[in-house]
Each structure stands twice: as C-alpha cells, then as structure tokens.
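Take a look at the structure set out below.
Please treat every number below as a calculation from the coordinates, not as lab data. Since we're looking at a predicted model, the values are computed, not measured. Using ideal geometry, Cβ is built from the backbone for each residue, glycine included, and neighbour counts are taken over all protein chains shown.
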Amino acid sequence: MKTDIVLAGVGGQGILSIATILGAAALKEGLYLKQAEVHGMSQRGGDVQSNLRLSSSPIASDLIPFGGADLIVSLEPMEALRYRPYLKPEGWIVTNTAPFVNIDNYPAMEDVESELEDSGNVVAFDMDELAKKEASPRASNMVLLGAAAPFIDMETEVIEEGIRSVFGKKGEAIVESNLKAFRAGLEYTRQLIKK
Amino acid sequence: MKTKRLLLGDEALALGAIEAGLSGAYAYPGTPSTEILEYVQSHPLTSQRNIHSHWSSNEKTAMEEALGMSFCGKRAIVSMKHVGLNVAADPFVNSGMTGANGGLIVISADDPSMHSSQNEQDSRFYADFAMLPTLEPSNQQEAYDMAGYAFSLSERHAIPVLLRMVTRLSHSRANVETAGEAQPQNEFHYPANPRQWVLMPAVSRERNRRLVEDFKLFEKESEKSPFNFYKEGSDKSLGIVVSGIAYNYLNEIYPDGCPYPVVKISQYPLPVDMINRLFDECEAVMVIEEGQPFIEKKLRGDLNRTGRIFGKLTGEIVRTGELTPDEVKKGILNAMAERSGLVATEPKGESKVVMPRPPALCQGCGHRDVYHALNDVLKEFESPRVFGDIGCYTLGFLSPFNAIDSCVDMGASITMAKGAADAGQHPSVAIIGDSTFTHSGMTGLLDAVNEDSDMMVIISDNLTTGMTGGQDSQGTGKLEEICLGLGVKPEHLRTIDSLPKNHDEMMRVFREEIEHKGLSVVISRRECIQTARRHAAAKAKKA
C-alpha cells in the first residue's frame with residue numbers, strides 16, 4: 001500500500017487536522033508515514049501545504065517528487081491548482097470550490113473552474129455549504145477528508161477511528177458532528193464515482 | 001518498553017534528550033526550532049524531574065545558561081534557529097575552549113529556502129571554526145537516537161556538540177521507535193579541569209593546543225560513528241558523498257538502490273579515511289548536501305582532493321534553496337546523463353491562473369492599527385523612514401501597509417534608526433515587537449538614551465512572541481519599567497492601546513513624539529488576537 005497526498009489550503013483553514021487524523025489512523029494500522037508541514041511565517045493567511053506519504057514499506061523522502069502524488073486534497077480551489085505539477089497523470093484532485101479570497105488579484109472564478117475541469121480526475125464541490133447543511137460550518141475539512149477517503153488505501157472505519165481519537169478530547173458532540181461531515185463528503189464522492 | 005510514535009524531527013530530538021537524562025533545556029523561539037523546547041515543556045517528565053524549560057531572553061543568554069548547567073555536571077540542550085546561532089556565537093565559539101562537563105548539545109536549525117528567515121547560512125561552518133563535533137540527522141529516528149549519542153560523545157571528550165537540523169526534518173513527522181523509559185539524570189558535579197573554564201590568555205593558549213589535539217580524536221569518532229557509513233555500489237564511474245536529509249532524496253530517486261558507492265555522512269569532522277577510499281575507488285565524486293557547499297569545500301581544501309568533483313560549486317547541483325528529490329535527480333543527471341539510469345521529471349500541468357498568496361497580518365491584529373495610524377501621520381512629513389524588525393509586524397512591508405524600510409536582524413530597528421538619526425534622518429522611526437525588544441532592543445535603546453537621539457521607537461506590544469506561535473515574552477508587564485530604568489524620560493514614554501477606535505489618539509501621540517526633538521518611546525499595546533482567542537477558550541473551559 002502506498003498513497004502520496006499533497007494537502008493544500010490557506011493558513012488557518014485546518015489542513016493540519018486532516019494530517020493528524022490520517023497520522024493517527026496510519027499509526028494504528030502499522031503503516032509508515034512521513035508528513036512535512038509548514039510552520040512559522042506562512043501560517044499567517046498565506047498558502048500552506050503538507051506532503052503526506054503513507055506506505056506499508058519504509059518511506060525515504062519527506063517530500064513528494066513532481067508527478068508523484070496520488071492525490072491533491074485542498075480546502076480551496078486555487079490552492080488545489082497550485083500543486084498540479086506534483087500530481088500523477090492518473091491521480092485525483094479533491095477540492096472545495098468555495099474560494100478564500102484574501103488577495104486583490106485572485107483570479108476570476110470561471111478561470112479557476114475551467115482549469116479544474118481540465119485537470120483530469122477531479123472531485124470538486126462546495127464543501128463549506130455541505131458542512132453547514134450536514135454538520136457545522138467549521139467542519140469543511142472533515143467533508144474534504146470524507147470526499148478524499150475513497151482514494152486513500154485505508155478502510156473508512158480506520159479513518160473514522162482516527163477522527164474519534166483526535167476530537168475525543170473535545171467531547172462526543174464534536175466527534176459526532178465531525179463524523180457526520182466526514183460521511184457526507186464520503187457519500188458525495190461515492191455517488192460521483194458510481195456514475 | 002519500546003514504543004512507536006509519530007513525531008516531528010524537533011519532537012523526536014527533544015524526546016531523545018529527555019529520555020537520555022536531560023536536566024535543562026534552553027531556547028529562544030525561532031522557526032524551525034521552536035517545537036524542541038515546546039515539546040520539553042509539554043512532556044510529563046519535565047515537571048516530575050524538574051527539568052528546566054523556561055524560555056530565555058535570547059539565544060546568547062540561553063547558550064550561557066546551558067553552559068552553566070553543563071558546568072555543574074548536568075545534561076543540557078540549547079536550541080535555536082540558524083540566525084540565532086549568530087546571536088549566541090560568542091558563548092558558542094568559546095564553549096569549545098571551556099569544553100563541557102555535563103553533556104551539552106547545541107541545536108541549530110537551518111532554514112534552506114528561507115521559509116521563515118533572512119538568509120540560508122549553514123551552521124556547520126560555525127562548528128568547524130569552533131572545532132566542535134557536529135551531528136546532522138538524516139531522519140526523525142536518527143534525531144531521536146542522536147540525542148543520547150551526542151550526550152555521551154560530549155561527556156566522553158568533555159566538549160559541546162553541535163546538532164544541525166534543517167526545516168524539512170524539524171517540521172516533518174514520521175514513525176519513531178523510542179525507548180519508552182528514561183535514564184537517570186546526572187548527579188551534580190563540578191568539572192575535573194576547573195582552570196579550563198577561566199578563559200584568560202595563558203589558560204586559553206594551553207587549552208587551544210589541547211583542542212587541536214582533541215580534534216583528531218573527534219575525527220576518529222566520525223570514522224566509527226554508527227551514523228556514517230560506506231555503502232558499496234557496482235558502478236565505480238561515480239562515488240557519492242551525501243549528508244543529512246539529502247540521503248533520503250538519493251534513496252527516493254533510486255528505490256532499488258543507488259548503483260554508485262555512497263559515503264553517507266551524519267557526523268563531523270569528516271570521516272577522512274572513508275572519503276579517501278571513495279576517491280581511490282571511483283573515477284569522479286559528487287557531493288550532495290543540504291545548505292551551503294560545506295563538505296565540497298572541505299574536499300577541495302582540507303582534504304586537498306583534486307580530480308572531478310561535482311556539486312554546488314561546479315553547478316551540477318542547485319546552489320540556492322533547499323534540495324528536493326527532483327533537484328537531486330537533476331544534479332546526478334547533469335553529471336552522468338543517461339548513464340545514471342535516471343529519467344528527468346519536468347513539472348507538468350503548471351497552472352496559468354494561480355496567484356501568489358503571501359502571508360498577512362491577522363484581521364483584528366493590533367499591529368494593523370499601529371501601521372494605519374503611523375502611515376497616516378507620516379504623510380504629514382517630507383521624508384520619513386521606518387526601520388523595522390523581526391516578527392509578525394515585518395509583514396507591514398507588504399501591501400496594503402508598505403510601511404517599513406528595513407528588516408535586518410533582531411533589534412536592528414532601534415540601532416539603525418539611531419544611526420540614521422545620527423546621519424540627519426528625520427523622522428527616524430523604529431518599530432519593534434515586545435519580545436524582540438527584550439531579545440536585543442534594550443541595549444540599543446540605551447545607546448539612544450545616552451545621546452538623546454532624535455528618533456521615535458514604537459514598541460508594538462502584543463504580550464507574546466507571536467510569529468512563532470505565541471510563546472511567553474520575557475518583558476510582558478515590565479516594558480515601562482525597563483524603558484524608564486534605561487533612562488527614557490517619563491514625559492516621552494507614552495502608552496496607548498492599539499485599537500481601531502483609538503486611531504486619532506494614536507496619530508496624535510505619534511505626531512507629538514516625532515515633533516519632540518530627542519528620544520521618545522511609544523508602547524502601543526494590544527494582546528495578540530491568536531493568544532487572546534486561546535486564553536478565552538481556556539478560560540471558558542475552566543468555567
């Protein structure tokens with residue numbers, strides 16, 4: 001088993017909790033993991049990414065080479081496009097389509113959408129909206145994790161356990177809300193692949 | 001009991017030190033080294049064993065405090081970012097002369113690619129001229145294992161050890177197997193050679209001769225180090241010297257094994273015999289190292305190797321920025337072309353619409369209000385200059401503020417504003433954060449006090465060390481007293497709250513103090529929005 005993921009978003013959006021959950025799940029499964037994060041200056045509203053590598057055999061590099069990622073998982077549509085050179089030709093982009101506009105020269109949405117459409121295997125929808133409807137406005141990242149789960153070589157139950165262990169301290173209500181968001185995202189992608 | 005855990009490189013190193021009987025950890029926050037002391041602070045053994053883990057005022061004080069703990073026979077670590085080693089350079093270099101008593105590890109975390117730094121300086125050069133052994137872990141497991149190893153090495157030779165980290169190791173998580181139990185701490189005991197700690201010329205001359213002799217022993221340690229090794233390869237047309245994290249990239253691009261013989265280096269001084277063997281057996285040698293071409297220069301210089309040496313100096317490997325698997329592949333292809341068995345990977349599918357998204361000050365951050373008011377006031381003057389400093393407020397350089405004219409090193413805002421005022425600059429304004437002020441601003445302010453320099457210092461006090469994630473700031477609650485104690489005139493020490501509603505009031509205070517002919521200090525204060533949120537959440541949880 002080997003899945004290489006580029007996690008992307010804007011500083012403060014919560015991509016690192018996705019990494020933490022997958023990390024907890026990987027540890028439980030006895031998988032190898034390497035996950036390079038960004039700390040410091042870039043966390044202040046800048047673009048952030050994390051290279052997350054999961055494998056059943058030892059992993060050499062902390063960084064994913066060009067054309068090496070199985071998945072780009074992004075909380076923001078323009079940020080998903082930033083890392084396209086890292087994606088394998090047969091890889092998948094799973095991204096939120098709700099833009100995070102904190103720069104003056106943010107591109108026109110139709111340009112972002114049309115590039116996404118031309119990007120091969122893509123799951124793109126408004127995850128903020130689905131999170132708000134199904135769980136809580138703060139759970140977009142769990143919708144994203146759910147939507148990406150079918151492409152990660154790991155049982156969904158194991159990822160759900162990861163969610164429980166990471167949010168457990170915050171109480172059962174928060175755990176349930178995050179699980180609900182996760183399952184909503186999962187269901188969206190399952191329906192899409194079925195077609 | 002051995003346990004497997006997911007740890008950042010920084011955390012693995014900190015845990016390794018704790019489990020090896022650490023008694024004191026010292027540091028000033030700095031990306032990418034901050035998590036080392038934070039991890040020590042969070043570990044249950046720290047309170048159980050009374051391990052020192054308070055933040056220091058700067059890297060120099062931290063280094064000296066750690067040296068004092070080592071003097072008393074206890075194991076200590078001191079951690080900093082690479083430019084922090086500049087601040088600590090005086091005690092660091094002289095610690096080679098005093099030597100260590102209790103094991104002493106100096107951790108310097110380099111930041112190639114400058115993710116959050118001013119330069120790409122390579123800490124290995126410092127250890128070289130201080131004549132100290134250096135360790136450079138290539139992965140998280142080595143970072144953990146090296147802590148205990150470094151303490152032993154340090155105590156075996158009564159010498160501090162530099163441990164060089166880099167961003168990609170500090171801030172990358174991986175599975176680490178840990179001992180799961182801690183060795184006892186050292187007993188309090190004084191150095192066997194007390195004379196050596198008094199660096200008067202007569203003592204130092206004697207000690208210097210001894211250090212030069214000891215350096216040969218450090219070389220022997222490197223030859224037999226478990227972290228350095230010679231790996232056979234079938235194709236002798238090239239030999240590769242690879243150090244630290246670059247070793248992982250070499251393994252990544254040759255998943256079935258590198259065809260060339262490899263010398264992997266994670267301990268310095270260089271294992272000369274191992275390297276000479278590589279030169280003897282191979283037609284050419286390539287050096288792959290993260291950072292500046294340290295090993296490459298050593299090969300051409302100290303080792304006096306001639307012949308074909310490929311690397312950063314000769315241009316096969318990219319000279320600036322951090323290495324990646326792709327850059328290492330490109331480097332080998334540049335030297336060996338298709339003989340390397342590698343196929344170039346060019347980035348494909350680059351977006352045509354993506355824009356850069358630089359970091360920005362948070363919404364609701366007090367620094368914003370300071371810059372808004374300052375910019376509005378400075379419009380009234382012909383040629384104002386604002387000397388900035390290191391912290392979140394450095395982001396005031398970017399749009400929409402475009403408010404600062406310099407950012408050099410910790411504390412330089414005050415001293416550069418003074419030098420500019422000396423040259424006739426008016427208004428000459430310094431802007432500095434509270435933590436940076438107590439780190440390196442206070443001494444410069446004393447210079448300005450002594451000459452009553454015509455300048456205004458704004459201390460933008462957010463009650464924390466913000467950029468690195470909100471560590472305690474050493475001057476919190478004491479800034480007015482510090483300024484008055486240094487001799488700032490009470491009538492020109494002003495305090496305001498940095499709030500949008502105080503915009504006009506802030507403008508008035510800034511204007512008055514710029515117009516005052518002489519030194520003024522304005523403390524504009526508002527808690528960092530990030531730490532304020534955390535404090536509110538913690539309070540709500542308690543209630």
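Counting Cβ atoms of other protein chains within 10 Å of each residue's Cβ and taking the mean over peptide B:170-178 gives 6.
Ellipsoid fit via the Cα gyration tensor, the stretch B:264-408: semi-axes of 48, 22, 13 Å, each the root of five times an eigenvalue, largest first. Using the Cβ-Cβ distance between A:Lys88 and B:Leu398 with R0 set to 51 Å, the FRET efficiency works out to roughly 0.90. If amide hydrogens are placed 1.01 Å from N in the peptide plane, which non-local residues have theirs closer than 5 Å to the one on B:Arg385? Residues meeting the amide H criterion: B:Val429.
Electrostatic tally near B:Glu136: other residues with Cβ closer than 12 Å to its Cβ, Lys and Arg +1, Asp and Glu -1, net -2.
Strictly over 25 Å apart at the Cα level, which of B:Lys60/B:Lys478; A:Lys88/B:Lys329; B:Lys74/B:Lys478; B:Lys236/B:Lys329; A:Lys2/B:Lys4; A:Lys28/B:Lys231 would you flag in this model? Pairs exceeding 25 Å: B:Lys74/B:Lys478; A:Lys28/B:Lys231. Here the convex hull built on the C-alpha positions of the stretch B:136-196 has a volume of 108 cubic angstrom per residue. Fraction of C-alpha pairs exceeding 28 angstrom in the stretch B:366-532: 10 percent, rounded to a whole number. Summing +1 for each Lys or Arg and -1 for each Asp or Glu among the other residues whose beta-carbon sits under 11 angstrom from that of B:Gly475 gives -4. Sites listed here are GluC sites (Glu not before Pro) in the stretch B:314-399 whose DSSP assignment is loop and whose Cβ has at most 14 other Cβ atoms within 10 Å: B:Glu350, B:Glu380, B:Glu382.
Between B:Ala192 and B:Thr495, the distance separating the two model label sites (each 7 Å from Cα on the Cα→Cβ line) works out to 5.4 nm. Here the mean projected area of the convex hull built on the C-alpha positions of the stretch B:161-230 is 8.7 nm². Taking the average, over residues, of other Cβ atoms within 10 Å as the packing measure, peptides B:199-208, B:229-238 rank B:229-238, B:199-208 from highest down. Our analysis of the stretch B:152-273 gives Rg over Rh at 1.07, with the two radii drawn from alpha carbon positions and Rh computed by the Kirkwood formula. For helix B:529-542, report the angle its Cα long axis makes with the longest principal axis of the Cα atoms of chain B; keep it between 0 and 90° and round to the nearest 10°. Roughly 90 degrees, rounded to the nearest 10. Ranked from largest, the principal axis spans of the Cα set of the stretch A:119-195 equal 39, 27, 19 Å. Annotation: the antiparallel percentage among DSSP beta bridges lying fully within chain B is about 20.
Note on A:95-106: average number of Cβ atoms from other chains within 10 Å of each residue's Cβ is 2. Angle, helix B:366-378 long axis vs. longest principal axis of chain B, Cα atoms, 0 to 90°, nearest 10? So the inclination is approximately 60 degrees. One decimal place: the segment B:Met200-B:Ser383 gains 60.9 nm when fully extended, by the rule 0.36 nm per residue minus the C-alpha distance.
Entry note, chain B: relative contact order of 11 percent, from Cα contacts under 8 Å with a spacing of 6+ residues. Given a Förster distance of 22 Å, report the FRET efficiency between B:Arg49 and A:Lys169 from their Cβ-Cβ distance, rounded to the nearest 0.05. After rounding to 0.05, the efficiency reads 0.30.
For chain B, the orientation-averaged shadow of the C-alpha convex hull comes to 29.8 nm² (one quarter of the hull surface). Against the empirical curve 2.2 N^0.38 Å, the C-alpha radius of gyration of the stretch B:3-224 lands at a ratio of 0.94.
Please give the net charge around B:Arg49, taking every other residue with its beta carbon less than 14 angstrom from that of B:Arg49, where Lys and Arg add +1 and Asp and Glu add -1. Here the charged neighbours net out to -1. For B:Lys517 and B:Lys220, the difference between the fully extended length at 0.36 nm per residue and the C-alpha to C-alpha distance is 100.6 nm. If only the Cβ of Lys and Arg carry +1 and only the Cβ of Asp and Glu carry -1, the dipole of the protein assembly as shown around its Cα centre is close to 1320 debye. Placing +1 on the Cβ of every Lys and Arg and -1 on the Cβ of every Asp and Glu, with nothing else charged, gives the stretch B:229-340 a dipole about its Cα centre of roughly 320 debye. Helix B:140-157 sits at what angle to the longest principal axis of chain B, using alpha carbons and giving 0 to 90 degrees rounded to 10? Compared with the principal axis, the helix lies near 80 degrees. Kirkwood hydrodynamic radius computed over the protein assembly as shown comes to 27.6 Å, based on all pairs of distinct alpha carbons. Could you work out how far the C-alpha centroid of the stretch A:52-102 sits from that of the stretch B:26-85, in angstrom? That distance is 36 Å. If you wrap the stretch A:42-90 in the convex hull of its Cα atoms and look at it from every side, the mean projected area works out to 4.2 nm². Placing one equal scatterer on every Cα of the stretch B:307-389 and applying the Debye formula, the log10 ratio I(q)/I(0) at q = 0.15 Å⁻¹ is -0.76.
In this label model, B:Thr443 and B:Val408 are separated by 1.4 nm, measuring between points 7 Å along each Cα→Cβ vector. Shielding of peptide A:29-39 by partners, expressed as the average count of other chain Cβ atoms within 10 Å per residue Cβ, is 5.
Note on B:Asp452 and B:Thr320: their simple-model spin labels are 4.6 nm apart, each label 7 Å out from Cα toward Cβ.
So what J values fall out for the stretch A:153-163 if you push phi through Karplus, 6.51 cos²θ - 1.76 cosθ + 1.60 with θ = phi - 60°, rounded to Hz, Gly and Pro as x? Result, rounded to whole Hz: 6, 7, 4, 5, 4, 5, 5, 4, 5, x, 4.
In the stretch A:47-166, inverting the average of 1/r over every pair of distinct C-alpha atoms gives 15.4 Å as the Kirkwood radius.
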